[in-house]
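Asks: Quick one: this structure, given as structure tokens, is what I'll be asking you about.
Bear in mind that the values in this text are calculations on the coordinates, not laboratory data. Treat the numbers as computed from the prediction; the structure is a model and nothing was measured. Cβ sites come from the backbone with ideal geometry, for glycine too, and all protein chains shown count toward neighbours.
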Amino acid sequence: MELAVQTIELTKKYGSFTAVDKVSLSIRKGEVFGLLGPNGAGKTTTILMLLGLTEPTSGEVSVLGYNPVKEPISVKRVVGYLPENVDFYEDLTAGENLFYMAGLNGIPVEGRDKKISQVLEMVGLLNSQNALVGTFSKGMRQRLGIAAVLLKDPKLVILDEPTNGIDPEGIEKILSLIRSLAKDLNVTFLLCSHMLYQVQRVCDRVGIMYRSSLVASGTVEEVGKTILGEKKGIIKFRPEKGVGLRQEALNGLDGLSEVRPLGGHFVAHFEEDKLALIMRGLLDRGFVPFEVGGKDYSLEEIYLRYFQGV
Amino acid sequence: MTGIKTIFWKEMADHFGSKRFLVIASIIVLASLSSAYGAIGSQELHSFGREYLFLSLLSTSGGTLPSFLFFVSFLTPLIGIIMGFDAINGEKQRGTLSLLVSQPIYRDSIINGKFLAALAVSALMIAGILALIAGVSISKLGIVPNTEEIVRTLVFYFATLLYISFWLSMAILFSVLFDKTSTSALASVALWIFLVFFVYMVAGIIADHMAPVTQNSTMEGIMKNERIKIMLMRASPAYLLQEISMAILNPAVRILTPLTAEKLQGLIPTPLSVSQSLMVVWPQLVILCALSIVCFGISYVAFMRKEIRS
């Protein structure tokens, strides 16, 4: 698997304060990677180092084969970065703003209008091309930002807190936009966020930063395993109508553990790979399973558990 | 290279479209025109003889109105300040600076483009005003500036631009150093008031302290006091510009420090040639140039070293 971004023990110090501590990150080409962590964990500083906007104190970075410390312009030519709390010139229209950005990216004047309509179409703002950005909602500005990033046909897109301060409908639009862009354009995405639920839905892999270090990275499941340990599924079942709550009936059924009665039903842990056998066994013994909780890790849980533990 | 051009044209368009530019431009145009009309009615106008009528139009004060020179040294700093005080922190406050630095352009093209655009706007404005005054001179006095007058006016024009670029780079420096536009505006205006108005008083006080002048003072004592005062005032670019324009616009001026009557004996009061007038104020021109370069240099370095987060 080719890597879009690789850092080796990347460190950034401001005086005696270490903002980023030995972060070794690798992002594969074509994936949507989520860099997660509470505010002040060092996510933005890491991104700035990826773009050559600040110099690392030590460690190595490589972005799409370029070294951002030595060739920041080459990096910025292929990497689209949408900073946190970014905004546009309010007294210009969406089209004029993009025209300016296109100029800064060295897109020749002849092709600019076509390119601008194209990216506005992608983010669903084509109808607002001639509206002043001052009249735009926060969600629309964010989508305009994504349009500005797409102008340069990026190979890697970095979005810093793309859903900050946006209403649920706007968030929905942005997330589905990211998903579809990643699929259609085969662009690598790096999302940086503290909004776990949203990120979990669009990311292929995540990295969790906490207090300047990268504490885990991988798929949500892998990260869950490292942080929470092996998790067991939970099954709930009740006896058939008219039959009493008799735990002895379960004797001889393999794969269930920690069975305990709860109200009118039982709750138990089960072994994932024996689920079919367990279900059949329960039915044979006159029980009706009514809720099977898989062992999906939720980022929220990982987050809470990990950060409470530390 | 494309970056600096794009920023240059965008900034030019912004300045010409902004209300504050309109306000300062109309104030300066009105002040200059009224000073030229005032000078036409003045008795002093004809004191140099017909040969330098256009030049004396620029330096003569008519009745209640101060001369054009006065307006240039007092008001043109405001052009630089108004266009420069929010150059960097204004972008930051709007949230567009992080967008600019993440484009594939060298960072210095931002500050260079902004500086050059503001300088070009000032150059156009001052050239327009000088052309207007030439128009007044032609229509009211029937005098077309001769070649020497044009050359002298061009030297004066160049010195004025140096003067404006000093104020412009100072305002840009404040916009890099301070995060709030109101702070940088106040700091610029405070420095303007000090260097343009108060420096004369402060220089007088210090000179009187170092070389007190009493009724019994000898000629040497008075001269010493005067020399200290002038040396101190030369710290202000406003005074430098006044000296330069005095010598350039008045071919009779051959020395800028006080002289005793004996030293003037045997002097033939003929007008100086352009190159000789230039020799008189060459040090002042060099200092003015150096001040602008140093000021811009500091803001350039400060901006390049600044870390731009969001």
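Asks: I'd like the Karplus ³J(HN,Hα) series for segment A:189-199: coefficients 6.51, -1.76, 1.60, θ = phi - 60°, whole numbers in Hz, and an x wherever there's a Gly or Pro.
Replies: 10, 10, 9, 10, 7, 10, 8, 6, 4, 5, 5
Asks: Relative to the longest principal axis of the C-alpha atoms of chain A, give the angle of the C-alpha long axis of helix A:275-284, reported between 0 and 90° and rounded to the nearest 10°.
Replies: For helix A:275-284, the angle is close to 30 degrees.
Asks: In addition: Evaluated at 37 °C with a viscosity of 0.692 mPa s, what Stokes-Einstein diffusion coefficient in µm²/s does segment B:1-111 have when Rh comes from the Kirkwood expression over alpha-carbon pairs?
Replies: Details: Rh = 16.8 Å.
Rounded, D is 195 µm²/s.
Asks: I want to verify the translational diffusion coefficient of chain B in µm²/s; compute it with Stokes-Einstein, Rh as the Kirkwood radius over Cα pairs, at 4 °C and 1.567 mPa s.
Replies: It diffuses with D of about 61 µm²/s by this estimate.
Asks: Would you please give the residues with an amide H less than 5 Å from that of B:Ile143, counting only those at least 5 places away or on a separate chain, with H modeled from the backbone geometry?
Replies: B:Ile138
Asks: Over chain B, what is the mean sequence separation of C-alpha contacts under 8 Å (at least six apart), divided by residue count, expressed as relative contact order in percent?
Replies: Once divided by the residue count of chain B, the mean separation gives 23 percent.
Asks: Suppose R0 equals 30 Å; then what is the FRET efficiency for B:Ile27 and A:Asn85 from their Cβ-Cβ distance, rounded to the nearest 0.05?
Replies: It comes out at approximately 0.25.
Asks: Distance in nm between label sites at A:Thr219 and B:Trp282, each 7 Å beyond Cα in the beta-carbon direction?
Replies: Each label point lies 7 Å from its Cα, and together they span 8.0 nm.
Asks: HN-Hα J couplings of segment A:29-46 from phi, Karplus 6.51/-1.76/1.60, θ = phi - 60°, integer Hz, Gly and Pro as x?
Replies: 5, x, 9, 9, 10, x, 9, 10, x, x, 4, x, 7, x, 5, 5, 4, 4
Asks: Something else about it: Mean separation of Cα pairs under 8 Å and 6+ residues apart, divided by the residue count of segment A:153-292: what relative contact order is that in percent? Don't skip to the answer; put the middle values down first.
Replies: Working: 159 pairs, mean separation 26.3, N = 140.
Contact order relative to length: 19 percent.
Asks: Add -39500 (n - 2.57) for each DSSP H run of 4 or more in chain B, then divide by its residues: what number comes out at 222 nm, to the nearest 500 deg cm²/dmol?
Replies: -23500 deg cm²/dmol
Asks: Okay, moving on. Run lengths n ≥ 4 of DSSP H only: what is the helix-derived mean residue ellipticity at 222 nm for chain A, with -39500 (n - 2.57) per run over all residues, to the nearest 500? Before the final figure, lay out each step's value.
Replies: Working: 10 runs with 108 residues, N = 310.
Estimated from H runs of four or more residues: -10500 deg cm²/dmol.
Asks: Taking 32 Å as the cut-off for C-alpha to C-alpha distance, list the pairs among A:Lys114/B:Lys114; B:Lys229/B:Lys306; A:Lys115/B:Lys5; A:Lys13/A:Lys173; A:Lys183/A:Lys225; A:Lys138/A:Lys236 that go past it.
Replies: Exceeds cut-off: B:Lys229/B:Lys306; A:Lys13/A:Lys173; A:Lys138/A:Lys236.
Asks: Between A:Tyr210 and residues 5 or more places away or on another chain, which pairs have amide H atoms under 5 Å apart, with H built 1.01 Å from N, and which residues are they?
Replies: Correct list: A:Val215.
Asks: Continuing with the same structure: What residue among A:Phe136, A:Phe33, A:Phe266 has the largest mean-square fluctuation in a Gaussian network model of chain A, using Cα springs under 10 Å?
Replies: Of A:Phe136, A:Phe33, A:Phe266, the Gaussian network model singles out A:Phe266 as fluctuating most.
Asks: Label point 7 Å out from A:Asn127 along Cα-to-Cβ: which residues of segment A:85-121 have amide N under 11 Å?
Replies: Under cut-off, by backbone N: nothing.
Asks: Under a GNM of chain A (C-alpha, springs under 10 Å), which listed residue has the highest mean-square fluctuation: A:Gly264, A:Gly293, A:Gly95?
Replies: Of the options given, A:Gly264 has the highest mean-square fluctuation.
Asks: Would you be so kind as to identify all helices of chain B, as entire DSSP H runs, whose Cα atoms reach 20 Å or more along the helix's own axis and whose mean Kyte-Doolittle hydropathy is at least 1.6?
Replies: Numbers: long enough: B:2-17 (23 Å, -0.17); B:19-40 (32 Å, 1.57); B:68-84 (23 Å, 2.25); B:108-136 (42 Å, 1.84); B:147-177 (45 Å, 1.49); B:219-233 (21 Å, 0.11); B:274-305 (44 Å, 1.66).
Both cut-offs are met by B:68-84, B:108-136, B:274-305.
Asks: Another one. Report, in degrees rounded to the nearest 10, the 0 to 90 angle that the Cα long axis of helix A:168-185 makes with the longest principal axis of chain A.
Replies: The helix A:168-185 is inclined about 80 degrees to chain A.
Asks: Can I ask one more? Which of the GluC sites (Glu not before Pro) across segment A:208-291 are loop residues per DSSP, with 16 or fewer other Cβ within 10 Å?
Replies: A:Glu230, A:Glu240, A:Glu271
Asks: Sum up the charges of everything whose Cβ sits under 9 Å from the Cβ of B:Ile308, counting Lys and Arg as +1 and Asp and Glu as -1, but leave B:Ile308 out.
Replies: So the environment of B:Ile308 carries a net charge of +3.
Asks: Using a basic spin-label model with each label point 7 Å from the Cα along Cα→Cβ, how many nm lie between B:Trp9 and A:Glu248?
Replies: 9.1 nm
Asks: Considering the dipole of the protein assembly as shown built from charges on the beta carbon (Lys and Arg +1, Asp and Glu -1) around the Cα centre, which of B:Phe303, A:Leu275, A:Leu126 is farthest to its positive end?
Replies: Checked the options; the winner is B:Phe303.
Asks: Now a separate question. Neighbour counts of other C-beta atoms within 10 Å: give me A:Ser137, B:Ser102, B:Ser35 arranged from fewest to most.
Replies: Least to most surrounded, the residues fall as A:Ser137, B:Ser35, B:Ser102.
Asks: Quick check of the Kirkwood formula: for segment A:63-167, what is the inverse mean of 1/r over all pairs of different Cα atoms, in Å?
Replies: With all distinct Cα pairs of segment A:63-167 included, I get 14.1 Å.
Asks: Now, a different point. Per the Kirkwood formula on distinct C-alpha pairs, the Rh of segment A:169-256 is how many angstrom?
Replies: Taking the inverse mean of 1/r over all distinct Cα pairs, segment A:169-256 comes out at 17.2 Å.
Asks: Across all directions of projection, what mean area in square nanometres is found for the Cα convex hull of segment B:161-239? Kindly include the intermediate steps, with their values, before the conclusion.
Replies: Working: hull surface 24.7 nm².
Approximately 6.2 nm², given one-decimal rounding.
Asks: Compute, for the protein assembly as shown, the length of the dipole vector about the Cα centre, with Cβ point charges of +1 (Lys, Arg) and -1 (Asp, Glu) only. Units Debye, rounded to 20.
Replies: Value, rounded to 20: 120 debye.
Asks: I've got another one for you. Which trypsin sites (Lys or Arg not before Pro) from segment A:70-147 combine a DSSP loop assignment with at most 16 other Cβ atoms within 10 Å?
Replies: Within segment A:70-147, the qualifying trypsin sites (Lys or Arg not before Pro) (loop, at most 16 other Cβ atoms within 10 Å) are A:Lys70.
Asks: Please give the helix A:299-309 orientation as an angle from the longest Cα principal axis of chain A, in degrees from 0 to 90, rounded to the nearest 10.
Replies: Between helix and principal axis, roughly 80 degrees.
Asks: Given a Förster distance of 22 angstrom, what is the FRET efficiency for B:Val294 paired with B:Leu186, based on the Cβ-Cβ distance and rounded to 0.05?
Replies: Values: r = 22 Å, r/R0 = 1.02.
About 0.45, to the nearest 0.05.
Asks: Per residue, how big is the convex hull of segment B:77-222 when only Cα atoms are used? Give it in Å³. Could you put the intermediate results ahead of the total?
Replies: Details: hull volume 29.6 nm³, N = 146.
Once divided by residue count, the hull of segment B:77-222 is 203 Å³.
Asks: What's the local net charge at B:Met233, with K and R +1, D and E -1, over the other residues with C-beta under 12 Å away?
Replies: Neighbour charge sum, excluding B:Met233 itself: +1.
Asks: To continue, here is another question. More than 32 angstrom separation, counting every C-alpha pair in chain A; what % is that?
Replies: 42 percent
Asks: While we're on this one: For segment B:11-132, what's the relative contact order in percent, using C-alpha pairs closer than 8 Å and at least 6 residues apart?
Replies: 31 percent.
Asks: Given Cα positions, please report Rg to Rh for the protein assembly as shown, the hydrodynamic radius being the Kirkwood one.
Replies: Expressed as Rg/Rh, it is 1.20.
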